Amino acid sequence: MGLFDKLFGGGKKKGSQETAEARGLHMPDLKLPVDEKFTINFKKNGGKFIYCDSLKEVKSTLKNIIAENSWEEESFFSMDERLEKKFSKENINFTANPKQSPVFITTCEYLIAQNGSILICSNQINDRKLDELPSNFIVYATTSQLTDSIGEGLKNIKKKYTNHIPANITTIKNFQEKPENKDNFLSYGSSSKNLYLLLLEDL
């Protein structure tokens, strides 16, 4: 059984998910599994989550996203040659200029369960700020990239890149425009993104 099957198949975890969502902001956190905690917080942030159990399903879902948004004639902004190669047979045109595309397709470093955010760095966005990138994101990630907190994510990055720690480390957290975020100075450089997460199980 896949890691997320119980979350979306009405299985045993449903009760704990409903309880967690109903507790409110000021109640103590329940001890939820990392995958469930991420799913709840990511969806609260307005992210669109698609769990896939094979690369074939990832590619099929990507085609559906393109059709849903009428992006068939659009080029996708990308800074990852490996990702371009992975989806090279899906009739997607890629561009290196973010101003020529409404969509940014990328990987990430980690998925943060604590607040449902996506941890990225210069490996994904070079030295660009989030508000310099297209407003639509498609993020390709795997279940092994789930981690509980930002602190753990940063520790993992330090271990992963021992000799050359990447710069421009940031999180994407706002996936839909909200009035409370519009004039929030804490969101400077972190403009909201319409974000699709294609999550492939690799555990």
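What follows is calculated from the coordinates using simple rules that are stated; it is not laboratory data. Values in this document were obtained by computation on a predicted structure and should not be read as measured data. Glycine also receives a Cβ, built like all others from the backbone with ideal geometry; neighbour counts cover every protein chain displayed.
Structural remarks
- Base-10 log of normalised Debye intensity for segment 34-138 (one unit scatterer per alpha-carbon) at q = 0.10, 0.12, 0.19, 0.20 Å⁻¹: -0.30, -0.43, -1.12, -1.23
- Using Cβ point charges alone (K and R +1, D and E -1), the dipole size of segment 49-154 about the Cα centre works out to roughly 240 debye.
- Links that overshoot a 27 Å alpha carbon limit, given the list LYS37/LYS85; LYS44/LYS89; LYS43/LYS63: LYS37/LYS85; LYS44/LYS89
- Largest-first principal axis extents, alpha carbons of segment 120-168, Å: 30, 25, 16
- Each of LYS56 and LYS86 was given a label point 7 Å from its Cα along the Cα-to-Cβ line. The distance between the two points is 1.8 nm.
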